[in-house]
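Below is one structure; the comments refer to it alone.
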Amino acid sequence: MQDLTTGSITKHLLKTTSFMLVTMVFQTLYFLVDLYWVGRLGTQSVAAVGIAGNLNFVVLALSQMLGVGTTTVVSHAVGRRDKTEAQHLFNQSQALAVVIGVLFLGAGLALSGVYTRAQSADDETTRLAMEYLAWFIPAMAIQFPIAGMGSALRATGNFKPTMLVGTVTVVLNMVLAPLLIFGWGTGRPLGVAGAAISTLVAVVVASVWLAAYFMPKSAYLHFKFHDWKPQFAQWKRMLVVGLPAGFEFLMMALYLGIVYAIARPFGAAAQAGFGIGMRVIQAGFMPVVALGFSVAPVAGQNFGARLPDRVKATFKDAAYLATGVMVVFALASHIAPAALVGIFSKDAAVIAVGEQYLKIISWNYVASGLVFVASSMFQAMGNTIPSLIGSAVRLVLVAIPAVTLSRLPGFQLHWVWYLAMLAVWVQLAMALWFLNREFKRRLVFAPTPTPPAQPAVAVA
């Protein structure tokens, strides 16, 4: 366990962000390498994996719901120096993770056909997406316990195990992907299914390895399976904090579904261009996402320790760091967007869509980075409703006008990109207003009662 309530806040943020960033860089590198190999299979394969991959936002929504709730309640207990409560909450979060994973597995396998047919531009893309999801859905289901374990470790300030496990298993994934996709060494090319199988293997290894950190009884947090009996009051406590954050990602999944549906008349090339553009953005946003994962436990421990000045300082320092990173990424997206997209596809139509998308959306990178930081601050203080409201407004500002405009003659896909860009700036304005309000409401702590003085004992 690392105490984040003393010492330099910037140093804590940089240290914890660096651990998370190493993991995320390798994860992003995997996504990009995987996309590179799938891109060699053709435009329809890229579109199919993009459509199937959108379900990952549903997983992110549910795992974020679990992870945010776990990080918040455990970090508060750690800040109060209440190890017993932290231990109990961790085990309850694992029980909840298993339940969510089983439910997702059943629903995903049952509804995958309906989903892919609704999203795909043609029958071949549907077939390839189904082939991919047959293996990818089990991989996503296993990620819920992993998310719970990683979130609990972050709450204690321990980022190293997640970094090590994530890095090694992502490298394993990257090595397996081309071997399975093209059948190198086996003579049995599996196509897009090979990409999903490599992910499943890596996720299984990651879950077993990460669980090993919680087996010794000497660990600060360890498995106590008798503590796994559902205690709905504790589940509610975590979900009250986590549900709004999870709904944010569900709304992102809904946004992507709307865009793919609107892009259907433009063909698989348009869907592939958008999908590649989204992957490039996910890669560029990794430093800010890592920073967000770091902000929550740093601010959360200080909130639990009733240190308001350090909570505010966490936001200020993180905002400066996020702005610097996003400015650099925005410049890259303006200067060489076609080159970034061209790494993954040589189709001129795909590159044109991806280039236009990156050029327009890059105007909101700084705003998006600050929204990430603000969202993490809401998590740290145990109230994620403001983040949910901001995301809902953003979705409404994009979805309703986009669907309406798509029915007009002469509609162009890039109109949606402008709507998305402007909506993020509105979301940022709302986030900053809500954050200032939360600071005034939640960072005014009642004085800690002083224990009564003990009467002096006379010495004979």
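The table that follows gives values for the structure above.
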quantity: Criterion violated by Val208 - all others in (1) open to solvent by 10 Å² or more (accessible area, probe 1.4 Å); (2) closer than 30 Å to Thr125 by Cα; (3) without any contact (Cβ under 8 Å) to a residue 40 or more places away in the chain; (4) assigned to a helix (DSSP H, G or I) satisfied; calculated: (2)
quantity: From Val325, Val298, residue being modelled with pLDDT of 85 or more and either among the β-branched types (Val, Ile, Thr) or open to solvent by 10 Å² or more (accessible area, probe 1.4 Å) (or both); calculated: Val325
quantity: Flag if Ala195 is open to solvent by less than 70 Å² (accessible area, probe 1.4 Å), at pLDDT 85 or above and part of a helix (DSSP H, G or I); calculated: yes
quantity: Residue match in the stretch 180-189 (condition: farther than 24 Å from Arg154 by Cα, at pLDDT 85 or above, surrounded by fewer than 18 Cβ atoms within 10 Å (Cβ to Cβ) and among the charged types (D, E, K, R)); calculated: yes
quantity: Residue tally, condition surrounded by 17 or more Cβ atoms within 10 Å (Cβ to Cβ) and at pLDDT below 75, over the stretch 6-24; calculated: 8
quantity: Test for Ala141: is it in contact (Cβ under 8 Å) with a residue 12 or more places away in the chain, more than 20 Å from the chain's Cα centre (by Cα) and open to solvent by less than 60 Å² (accessible area, probe 1.4 Å); calculated: no
quantity: Failed condition for Phe159, given (1) more than 25 Å from Phe225 (Cβ to Cβ); (2) modelled with pLDDT of 85 or more; (3) open to solvent by less than 10 Å² (accessible area, probe 1.4 Å); calculated: (2)
quantity: Test for Met326: is it assigned to a helix (DSSP H, G or I), in contact (Cβ under 8 Å) with a residue 40 or more places away in the chain and more than 22 Å from Gly50 (Cα to Cα); calculated: yes
quantity: Single condition Pro216 does not satisfy, out of (1) part of a loop (DSSP other than H, G, I, E, B); (2) crowded, with 16+ Cβ neighbours inside 10 Å; (3) free of Cβ contacts under 8 Å to residues at least 40 places away in the same chain; calculated: (2)
quantity: Residues (more than 11 Å from Gly50 (Cα to Cα) and touching a residue at least 24 places away in the same chain (Cβ under 8 Å)) located in the stretch 258-273; calculated: Ile258, Val259, Ala261, Ile262, Ala263, Arg264, Phe266, Gly267, Ala269, Ala270
quantity: Some residue of the stretch 338-345 being open to solvent by 60 Å² or more (accessible area, probe 1.4 Å) and within 30 Å of Lys15 (Cα to Cα); calculated: no
quantity: Residue count for the stretch 219-240, restricted to those that are open to solvent by 60 Å² or more (accessible area, probe 1.4 Å), under 25 Å from the mean Cα position of the chain (by Cα) and in contact (Cβ under 8 Å) with a residue 60 or more places away in the chain; calculated: 2
quantity: Test: residue in the stretch 349-371 that is within 29 Å of Arg80 (Cα to Cα) and at pLDDT 90 or above; calculated: yes
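The values are calculated or read from the model by the stated rules, or taken from the named source; none is laboratory data. Values in this document were obtained by computation on a predicted structure and should not be read as measured data. Cβ atoms come from the backbone with ideal geometry, glycine included; neighbour counts cover every protein chain shown. Only protein heavy atoms, including side chains, enter the accessible area calculation; ligands, DNA and RNA are left aside. Shrake-Rupley method; radii C 1.70, N 1.55, O 1.52, S 1.80 Å.
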